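Take a look at the structure set out below.
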Amino acid sequence: MNTIETLEQKEKKYTKEDFTSDQEVRWCPGCGDYSILAQMRRLLPDLGVKKENVVFVSGIGCSSRFPYYMDTYGLHGIHGRAPALASGIKLANPDLTVFVITGDGDALSIGGNHFIHLCRRNIDVTVLLFNNRIYGLTKGQYSPTSERGKITKSSPYGSLEEPFNPVKMALAAGATFVARSMDRDPKHLEATLLEAARHKGTSFVEIYQNCNIFNDGAFEKYTNIKTRFDNVVYLKNEQEYRFGRENDKHLFWDGHRFRVEEWKATEKPLTHTTDNLPASMEFALAELSELEDFPVPVGVFRKRQAETYDALLTKQIEEVKKSKGQGDLQKLLESGNTWHVD
Amino acid sequence: MSQSTHLDQVTIRFAGDSGDGMQLTGTQFTNTTAMVGNDLSTLPDYPAEIRAPAGTLFGVSGFQLQFSSHEIHTPGDQVDVLVAMNPAALKVNLQHLRDNGIIIANADAFSIRNLKLAGYEQNPLEDGSLEGFQLFSVPITRLTREALVDVAMSSRDKDRSKNFFALGITYWMFSRPLEVTLKWIEEKFAGKPELIEANKKALNAGYSYALATEVFTTTYTVEKAKTAPGTYRKITGNEAVSLGLIVAAEKSGRPLFLGGYPITPASDILHILAKYRHYDVKTFQAEDEIAGVGSAIGASYSGALGVTASSGPGIALKSEFIGYAVMTEIPLVVINVQRGGPSTGLPTKTEQADLFQAFYGRNGEAPLPIVAAKSPADCFQTAMEAAHMAIKFATPVFLLTDGYLANGAEPWLIPDVADIPEIKEPLALAGEEYLPYKRDPKTLARTMAVPGTEGLEHRLGGLEKEDLTGNVSYDPENHHNMVRLRRKKVEKVAGFIPPPDFSGEERGVLLIISWGSTYGTVFSAVEEARKQGRQLSWIHLRWINPLPEMLGKLIHNFKHVLVPEINAGQLVKIIRAEYLVDARGFDRVRGLPLQTHELVEEISSYFEEQ
């Protein structure tokens with residue numbers, strides 16, 4: 001997209017209604033998905049791209065109905081494979097702004113392979129993972145993010161599996177933008193999604209999303225305004241890891257691991273950085289959501305500039321054309337040894 | 001003094017260890033033979049192991065080639081000349097050699113160890129067991145070392161050139177020039193002067209040895225084949241598919257996108273297309289087969305020509321996505337280079353056993369057009385037709401080739417690009433009234449609107465859709481209607497594809513129905529049977545779904561219908577179900593092309609029983 005188009009776009013600025021399709025939304029009343037949909041419709045006018053250049057791609061699951069509700073181009077795919085569709089869409093037309101809408105089962109179980117390879121390639125798409133730690137559409141089996149011991153229809157005596165930590169996976173797989181937000185913190189969610197969408201490269205946002213039918217209250221501790229500030233540390237670039245209702249605690253890095261300590265104004269505080277946090281700290285920070293007695297980090301873990309696969313492909317095509325010239329079909333067919341018969 | 005004999009056609013087979021360079025040797029003989037103007041057909045036949053243990057029977061790699069002064073269609077049933085680089089190669093291939101056929105054996109490789117590995121108790125070169133053949137026992141390894149005595153390399157490295165020595169002998173024997181291979185050596189080993197020197201010397205030495213010794217008393221000449229005027233090249237099926245796709249993409253104005261994953265014997269399509277970035281070809285080596293087809297569908301949705309290429313096991317993984325393309329009605333070319341199955345099966349061998357997979361291998365009612373190439377060169381035209389129908393009908397199209405077509409080679413009359421028609425199938429434009437599932441009454445195809453087109457934003461998915469709007473619909477009558485529409489759309493393809501090859505009378509005793517790569521064998525068998533006075537008719541199908549309209553009438557005019565296939569009887573069951581005739585199959589599932597003489601015998605049996 002060139003600058004002139006963007007400026008024109010600003011003149012006739014969209015509203016959230018421009019991104020609302022005529023389809024009736026069919027999630028259960030009270031589902032966390034409504035909030036995510038609302039924030040997406042709200043932020044797109046600020047993103048400054050033409051709506052015909054926006055594509056939402058999804059897999060299968062409750063979250064994956066999302067594209068039907070956006071008045072943009074949309075492709076409701078098959079289970080786990082949205083990253084494959086999205087990769088083809090973006091590589092065939094790099095001018096498009098592509099979102100992948102997925103869930104914990106879709107992205108981390110059946111689609112785990114596609115998810116990690118998308119991150120690794122750094123294709124310029126934005127992935128929203130709606131994590132409700134349960135299979136909702138199939139009516140309540142444990143998911144790859146359900147806690148061990150979870151009692152569900154498919155685990156009546158408790159699940160035996162350790163859950164995946166989606167942020168850790170995305171970091172390890174090499175996504176260049178990795179963040180976490182929550183359905184019940186709409187302002188933070190909107191700002192995080194906007195930042196993710198603006199980032200060039202694979203952007204990944206894990207969204208804590210409440211399934212009020214099959215896993216109600218899974219994130220209550222973090223989302224309830226009464227307990228949130230004691231259990232969540234908001235990650236902000238160049239700012240300290242402070243949290244607590246009175247903002248009285250912080251994360252202290254002892255060189256090996258984080259510790260929760262009382263905040264003392266006198267010390268020289270440790271600040272968060274999204275573009276060059278050492279791997280040990282980045283990983284330790286991501287791991288906090290798995291540990292007792294630690295706040296869950298919410299916000300941007302990583303935001304790193306790196307060449308995208310789509311840009312490299314375009315560049316490679318230009319370079320080969322420069323060295324070999326634009327291909328000529330007749331020459332192509334006649335390549336190799338030929339002979340003539342009169 | 002040697003004498004020269006004219007031959008009409010010759011079948012030669014190079015056989016050795018999988019590390020002996022037999023594929024390379026066979027390819028060089030093929031290239032030279034193409035350049036001297038013979039018609040030809042090749043059959044590379046190699047094991048799945050890259051370097052199987054030396055000297056073993058299962059490690060034998062072969063390359064068979066038939067060349068002729070007239071038109072030929074198969075790599076030959078029986079071998080006239082067998083080049084055996086070790087005892088295992090002799091043991092495995094002797095059964096294919098005709099009576100009084102020529103054996104050129106590397107005597108140095110017939111060591112006690114190698115004889116034992118091949119299961120010989122005595123040396124067959126010395127024990128008289130090869131009487132009845134013309135045996136030329138040549139110390140190829142020793143002579144190669146002697147020829148390379150001045151070249152600064154180890155004996156081990158020198159031994160690697162022995163295939164060129166053997167090639168040199170065959171070039172003399174069949175009066176071939178050395179230039180094509182000498183030039184190739186220079187290009188292939190550019191920057192490695194000692195390899196260029198060694199291989200050139202070995203080739204020349206083999207030629208001179210055959211010329212100078214009195215061992216070989218006869219040279220053979222095979223005249224140029226009389227073929228249509230024009231410029232020719234040698235082409236394999238995988239090359240022809242790749243070129244056909246590039247041309248179809250350019251003619252359709254849609255850039256080519258191949259989403260794939262390495263698999264034998266389809267990988268060469270990925271390798272070849274990856275070279276053509278300057279033709280705006282985008283290749284994407286995906287993380288698995290599923291992502292390969294998924295990315296191709298995504299690319300098609302964005303307005304590219306989306307293609308995925310694989311073989312049976314990979315196609316199995318892609319099935320859900322292929323059904324998705326049927327449902328969403330997005331163009332897609334799915335290439336299945338068939339190999340022996342089931343499961344991993346025979347990765348490097350040929351088979352036609354994925355026809356049912358193409359027809360029925362998806363959940364739900366998911367019909368799609370299917371086309372099968374009939375020869376290596378025909379893969380070019382077939383790929384263009386598959387791409388055209390995929391775009392025109394907004395549907396996935398199966399393009400079936402197989403291991404034999406993919407790696408087999410033949411001369412190809414290069415078309416003039418200007419003569420190839422454009423593939424003009426419009427996309428919906430901004431400002432138009434757009435209903436995603438409104439259909440052209442002639443084709444029942446929908447028109448695509450690609451992302452980036454202002455005002456035509458819409459949503460597609462794998463859920464059943466309402467007619468016209470494409471909105472999600474669970475309405476019973478709508479589903480019934482959509483199932484029928486998708487089927488009828490595929491039937492409409494019949495009006496836009498070339499008619500099948502048909503020869504013979506329109507009624508009679510025997511109708512043969514064949515498809516895919518058996519074309520060459522059936523051609524030769526029908527020719528042979530007709531020489532024997534059999535009156536039979538033959539229809540060869542390239543498009544298998546939809547079946548040609550003419551077949552419905554024709555098939556009932558024959559007493560017998562015979563369907564030869566390299567599977568346990570697949571097309572024959574479709575024919576029986578479709579036309580309610582007592583069609584019979586003829587199947588040999590050995591991982592190899594059918595043999596002409598077997599089919600001739602089968603044909604004869606239908607006439608003898610009268």
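The values are calculated or read from the model by the stated rules, or taken from the named source; none is laboratory data. Small disclaimer: the values here were computed from a predicted structure and weren't measured. Positions of Cβ are generated from backbone atoms using ideal geometry, with glycine treated the same way; all protein chains shown enter the neighbour counts. Just the protein is used for accessible areas: all its heavy atoms, side chains included, with ligands, DNA and RNA removed. Shrake-Rupley method; radii C 1.70, N 1.55, O 1.52, S 1.80 Å.
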Exercise for review: Among residues belonging to region B:119-160 that are assigned to a loop (DSSP other than H, G, I, E, B) and in contact (Cβ under 8 Å) with a residue 40 or more places away in the chain, point out the one that is surrounded by the most Cβ atoms within 10 Å (Cβ to Cβ).
Suggested key: B:LEU148
**Study point:** Residue pairs meeting the criteria (Cβ under 6 Å; at least 6 apart or on separate chains; first among the charged types (D, E, K, R), in region B:273-295; second open to solvent by 20 Å² or more (accessible area, probe 1.4 Å) and assigned to a loop (DSSP other than H, G, I, E, B))
**Key:** B:ASP280/B:PRO255; B:ASP288/B:TYR261; B:GLU289/B:TYR261
Review point. Quick one: is A:PHE66 among the hydrophobic types (A, V, I, L, M, F, W, C), under 19 Å from the mean Cα position of the chain (by Cα), closer than 22 Å to B:TYR301 by Cα and more than 9 Å from every other protein chain (Cβ to nearest Cβ)?
Key: yes
Practice item. Identify, by number, the condition in (1) surrounded by 23 or more Cβ atoms within 10 Å (Cβ to Cβ); (2) at the interface with chain B (Cβ under 9 Å from one of its Cβ atoms); (3) touching a Phe, Trp or Tyr at 6+ places or on another chain (Cβ under 7 Å) that A:ILE60 doesn't meet. Key: (3)
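Condition check ((1) under 12 Å from the mean Cα position of the chain (by Cα); (2) closer than 19 Å to A:SER87 by Cβ; (3) not aliphatic (A, V, I, L, M)) across all residues:
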| residue | (1), (2), (3) |
| --- | --- |
| A:ASN165 | no, no, yes |
| A:ALA172 | no, no, no |
| A:SER181 | yes, no, yes |
| A:ARG184 | no, no, yes |
| A:LEU194 | yes, no, no |
| A:HIS199 | yes, yes, yes |
| A:THR202 | yes, yes, yes |
| A:GLU206 | yes, no, yes |
Practice item. Tell me which residues, restricted to region A:296-318, are free of Cβ contacts under 8 Å to residues at least 12 places away in the same chain and within 8 Å of another protein chain (Cβ to nearest Cβ). Key: A:GLN316, A:ILE317
Review point. Does region B:273-285 contain at least one residue that is touching an Asp or Glu at 6+ places or on another chain (Cβ under 7 Å) and more than 10 Å from chain A (Cβ to nearest Cβ)?
Key: no
Exercise for review: Tell me which of these A:CYS119 doesn't satisfy, since it passes every other one: (1) at the interface with another protein chain (Cβ under 9 Å from one of its Cβ atoms); (2) buried (at least 23 other Cβ atoms within 10 Å of the Cβ); (3) touching a residue at least 12 places away in the same chain (Cβ under 8 Å).
Suggested key: (1)
Exercise for review: Return the total of residues in region B:1-43 being of a type in the set (Gly, Ala, Ser), open to solvent by 10 Å² or more (accessible area, probe 1.4 Å) and assigned to a helix (DSSP H, G or I).
Suggested key: 0
Exercise for review: Quickly run through region B:201-234 and pick out the residues that are more than 14 Å from chain A (Cβ to nearest Cβ), touching a Leu at 6+ places or on another chain (Cβ under 9 Å), part of a strand (DSSP E or B) and open to solvent by 20 Å² or more (accessible area, probe 1.4 Å).
Suggested key: B:TYR220, B:THR221
Check your understanding: Can you name every residue in region B:575-584 that is closer than 20 Å to B:ASP354 by Cβ and either open to solvent by 10 Å² or more (accessible area, probe 1.4 Å) or in the same structural domain as B:ALA353 (by TED's automatic domain parsing) (or both)?
Key -> B:ARG576, B:ALA577, B:GLU578
Exercise for review: State yes or no: is B:LEU368 within 14 Å of chain A (Cβ to nearest Cβ) and assigned to a loop (DSSP other than H, G, I, E, B)?
Suggested key: no
Revision key, fill the gap. Flagged in region A:69-98 as facing chain B (nearest Cβ under 7 Å), touching a residue at least 60 places away in the same chain (Cβ under 8 Å) and surrounded by fewer than 24 Cβ atoms within 10 Å (Cβ to Cβ), in numbering order, are A:ASP95
Exercise for review: Could you tell me whether B:GLY303 is more than 29 Å from B:GLY345 (Cα to Cα), open to solvent by less than 10 Å² (accessible area, probe 1.4 Å) and over 24 Å from the mean Cα position of the chain (by Cα)?
Suggested key: no
Check your understanding: Out of all the residues in region A:136-150, is one or more among the hydroxyl-bearing types (Ser, Thr, Tyr) and closer than 25 Å to A:LEU96 by Cα?
Key -> no
Review point. Since B:GLY340 meets every condition but one in (1) within 14 Å of chain A (Cβ to nearest Cβ); (2) open to solvent by less than 20 Å² (accessible area, probe 1.4 Å), which condition does it not meet?
Key: (1)
Point to revise | Leading residue by the ranking (most open to solvent (accessible area, probe 1.4 Å)) among those in region A:321-342 that are at the interface with chain B (Cβ under 7 Å from one of its Cβ atoms) and of a type in the set (Lys, Arg) | key: A:LYS324
Check your understanding: In the set B:ARG487, B:ARG534, B:ARG507, which member is outside the structural domain of B:ARG590 (by TED's automatic domain parsing), touching a residue at least 40 places away in the same chain (Cβ under 8 Å) and either of a type in the set (Ser, Thr, Tyr) or open to solvent by 10 Å² or more (accessible area, probe 1.4 Å) (or both)?
Key -> B:ARG487
Practice item. With respect to B:GLY101, determine if the residue is touching an Asp or Glu at 6+ places or on another chain (Cβ under 8 Å) and open to solvent by less than 30 Å² (accessible area, probe 1.4 Å). Key: yes
**Study point:** Hey, B:TYR261 over 25 Å from B:THR11 (Cα atoms), open to solvent by 40 Å² or more (accessible area, probe 1.4 Å) and touching a residue at least 12 places away in the same chain (Cβ under 8 Å) or not
**Key:** yes
Check your understanding: What's the number of the condition A:THR145 fails, among (1) assigned to a loop (DSSP other than H, G, I, E, B); (2) touching a residue at least 60 places away in the same chain (Cβ under 8 Å); (3) open to solvent by less than 20 Å² (accessible area, probe 1.4 Å); (4) touching a strand residue (DSSP E or B) at 6+ places or on another chain (Cβ under 6 Å)?
Key -> (2)
Exercise for review: Determine, yes or no, whether B:PRO255 is away from chain A (no Cβ under 11 Å), over 30 Å from B:ASN481 (Cβ atoms) and open to solvent by 10 Å² or more (accessible area, probe 1.4 Å).
Suggested key: no
Exercise for review: Would you please list the contacts, defined by Cβ atoms under 9 Å and residues six or more apart or on different chains, that run from a residue in region B:429-443 that is closer than 17 Å to B:GLY455 by Cβ to a residue that is part of a loop (DSSP other than H, G, I, E, B) and open to solvent by 90 Å² or more (accessible area, probe 1.4 Å)?
Suggested key: B:ALA430/B:GLU454; B:GLY431/B:GLU454
Revision key, fill the gap. Counted residues in region A:227-273 being surrounded by 16 or more Cβ atoms within 10 Å (Cβ to Cβ) and among the small types (Gly, Ala, Ser) come to 1
Exercise for review: Report yes if B:GLY119 is of a type outside the set (Val, Ile, Thr), at pLDDT 95 or above and on the phi > 0 side of the Ramachandran plot, otherwise no.
Suggested key: yes
Practice item. Restrict the check to region B:371-386 and report whether at least one residue is in a strand (DSSP E or B), in contact (Cβ under 8 Å) with a residue 60 or more places away in the chain and not assigned by TED's automatic domain parsing to the domain that holds B:ALA568. Key: yes
